[in-house]
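The values are calculated or read from the model by the stated rules, or taken from the named source; none is laboratory data. Just so you know, these numbers come straight off a predicted model, no measurement behind them. Glycine gets a Cβ as well: all are built from the backbone with ideal geometry, and neighbour counts include every protein chain shown.
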Amino acid sequence: MTASIHAPERRRVPALAALPALAALLSLLAAPAAAELVVLTDGAVLKVEAFRASGDLALLELAGGGRLEMELARVERVVDDEIEPPPPGGESPLADAASGFEVRWREGQEAPEVPFRDEIEAAARRHGINPLLVAAVARVESAFDARAVSYKGARGLMQLMPATARRFGLRGHELFDPARNIEAGTRYLAWLATRFEDDLPRILAGYNAGEGAVERHGGVPPYRETREYVRRIYSRLGLAASEAAGGR
């Protein structure tokens, strides 16, 4: 906001008057971050205070105190445990916003002009997925950085966790091979599309939070991170951005 040409009259405020506001701000800054849910490959779910990947290890700070180390390969997903309040009336705009979008590949579809366009289009054609969807996921996940590594341990263009990558044919260093990472990520999207009957919000929620979370909640989980992820993909696809944002 630009400053007014005529500055308002200045008032002298006692220094002590700012102390309550300052104290409140400091308490917010000092507040611990939201907990995280760690989903293991055996289906177990751990609620932890913090999670960090270090090489091939996962470091967990437990809610009750103490730390736990395990192989990162045992971790299927890590999702912020922050719940988004339901929209008024209990209706989600996510399904309506996706209406009309073709999840599946059809003749004549092309990938947008983005990095790794040829690899995206080839993988999309092979696995029967709209290349626009593959490109949108790659952009939101890594901004097309083939060497990207998240603090959760997700790697490569499609930000695959090692456990998920292994399910779809990738191992170790192959996660940083652009073509192979795109191939595995696209295979996963195609698998989710079949599992969730081409329902775009559930496909995207599954990619972010895991298919188990989608099934447990009967749709897009209420996690703020996951719902924001779906909205970001929608924005890249040009899907009713204002409606997809839940009116915010």
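List of remarks:
- Residue identified as surrounded by fewer than 16 Cβ atoms within 10 Å (Cβ to Cβ), closer than 23 Å to residue 39 by Cα and not charged (D, E, K, R) among 162, 222, 201: 222
- For the stretch 125-140, the set of residues classified as buried (at least 24 other Cβ atoms within 10 Å of the Cβ) and farther than 11 Å from residue 114 by Cβ consists of 129, 133, 137, listed by residue number.
- Members of the stretch 89-146 found to be basic (Lys, Arg), outside any helix (DSSP H, G or I) and touching a residue at least 40 places away in the same chain (Cβ under 8 Å), listed by number: 104
- Test: residue 192 is outside the structural domain of residue 52 (by TED's automatic domain parsing), outside any loop (DSSP other than H, G, I, E, B), within 21 Å of residue 38 (Cβ to Cβ) and touching a Lys or Arg at 6+ places or on another chain (Cβ under 7 Å): no
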